[in-house]
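Read through the structure below, which is laid out as structure tokens, and then see the notes.
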């Protein structure tokens, strides 16, 4: 088994994120791309924060400014990562992926407004971009997730997802793996 | 009272009428047979079975008896306010679940609790005897509903966290409604906003509350 060092993990995510952004045709600033790479590196080293996202969102929105930024960033990052990497995990919960994505979009939008005109203006622009194109960045992370996983189980999972959702994006992923859907037959 | 509350909420939010809430009421013995972990004075039980949603509502019979004796439409005060709020909470849950089920949109526990807290405040404000536009009355009511309360001791940590989050957000929204609409007696405008609010996602509701506060 190959063990990747932290440096090579960062490089892996950097390549994967750049490629996915290109493939998905998303216009993203260099800062946002860098933010996504760091987000993936961080989540690959530390466990996901526990507890319902909506409760954290409530706490974040009613917290004092310093704590608010930290909590909202946690909501945005968790929402983006889970929606992109583990959307199937939400099948077992009361809420769906749209609900989860909605939380992240709003959290980043609040952060961008908080940081507008402040010292962290560059961050404000990153959060604004993440909020405005949240669904597109979920697709980007989803493609990175496919690169990071792969294999027949993953193809089966994508087939199930396509049958269930009819998503064009999933269909494209399957096509990249040589799977074609046509007239009720899977090849 | 429950049926009147149901009609009132459906009218307030301009909803398609849902089935009569009284047909879904369950008594204590029925609730016990379902083996629920907690037996609070108000409880909405949901079971999804083969794509069908089954609903049952329990409301403490003493609450219903007190409301039958002291009709909240005649006067709302210390003698019936707590029971009225309990009944509103149960009916609010029922109506909101039915609304979301019809639209096939999933619902979370926090959404249910938040909406119920707001429904309690709004129905009390609209029912209040001494003129809903009275600033002191509205403030006193808000403080009574959102500040002077205690959590049931048998709540789990998750439930306590959920109720606390719903309470804080609802209190902030109630204060904002009070400032923007109740004091100025702009009730038609308030109803318009409440109807839009009811149909929002939880994320958008929290966003609106944060901006309005």
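How many residues, within the stretch B:22-42, are closer than 11 Å to residue B:56 by Cβ, in contact (Cβ under 8 Å) with a residue 24 or more places away in the chain and not in a loop (DSSP other than H, G, I, E, B)?
The number of residues fulfilling the criteria is 4.
Could you figure out which of (1) without any contact (Cβ under 8 Å) to a residue 60 or more places away in the chain; (2) closer than 20 Å to residue B:202 by Cβ isn't true of residue A:121?
Condition (2) is where residue A:121 drops out.
Would you be able to say whether some residue in the stretch B:145-163 is closer than 22 Å to residue B:73 by Cβ and more than 10 Å from every other protein chain (Cβ to nearest Cβ)? Walk me through how you get there before you give the answer.
Applying the first criterion (closer than 22 Å to residue B:73 by Cβ) to the stretch B:145-163 yields B:145.
Checking which are more than 10 Å from every other protein chain (Cβ to nearest Cβ) leaves us with B:145.
The answer is yes, given that some residue of the stretch B:145-163 is closer than 22 Å to residue B:73 by Cβ and more than 10 Å from every other protein chain (Cβ to nearest Cβ).
With (1) touching a residue at least 24 places away in the same chain (Cβ under 8 Å); (2) crowded, with 20+ Cβ neighbours inside 10 Å as the list, and residue B:107 as the residue in question, which single condition is left unmet?
Status for residue B:107: all satisfied but (1).
Taking the stretch A:65-97 as the region of interest, how many residues are surrounded by fewer than 19 Cβ atoms within 10 Å (Cβ to Cβ), more than 11 Å from residue A:111 (Cβ to Cβ) and modelled with pLDDT of 85 or more?
Final tally of qualifying residues: 1.
Specify the residue that is farthest from residue A:97 (Cα to Cα); the eligible residues are those in the stretch B:164-209 that are within 11 Å of chain A (Cβ to nearest Cβ) and surrounded by fewer than 20 Cβ atoms within 10 Å (Cβ to Cβ).
B:172
Report yes if some residue within the stretch A:127-142 is more than 14 Å from chain B (Cβ to nearest Cβ), modelled with pLDDT under 90, in contact with a helix residue (DSSP H, G or I) (Cβ under 9 Å, 6 or more places away or on another chain) and surrounded by fewer than 16 Cβ atoms within 10 Å (Cβ to Cβ); otherwise report no.
no
In the stretch A:55-75, how many residues are assigned to a helix (DSSP H, G or I) and within 13 Å of chain B (Cβ to nearest Cβ)? Please lay out each step first, then the result.
So the first thing to find is which residues in the stretch A:55-75 are assigned to a helix (DSSP H, G or I), and the list is A:55-61, A:65-75.
Add one more test, that the residue is within 13 Å of chain B (Cβ to nearest Cβ), and what stays is A:55-61, A:65, A:68, A:71-72, A:75.
Here the count works out to 12.
Does the stretch B:57-69 hold any residues that are surrounded by fewer than 18 Cβ atoms within 10 Å (Cβ to Cβ) and either touching a helix residue (DSSP H, G or I) at 6+ places or on another chain (Cβ under 8 Å) or within 30 Å of residue B:35 (Cα to Cα) (or both), and which are they?
Of all residues in the stretch B:57-69, those surrounded by fewer than 18 Cβ atoms within 10 Å (Cβ to Cβ) come to B:61-62, B:64-65, B:68-69.
Answer for the stretch B:57-69, where residues must be surrounded by fewer than 18 Cβ atoms within 10 Å (Cβ to Cβ) and either touching a helix residue (DSSP H, G or I) at 6+ places or on another chain (Cβ under 8 Å) or within 30 Å of residue B:35 (Cα to Cα) (or both): B:61, B:62, B:64, B:65, B:68.
The values are calculated or read from the model by the stated rules, or taken from the named source; none is laboratory data. Computed from a predicted structure; not experimentally measured. Cβ: placed from backbone, ideal geometry, glycine included. Neighbour counts: every protein chain shown.
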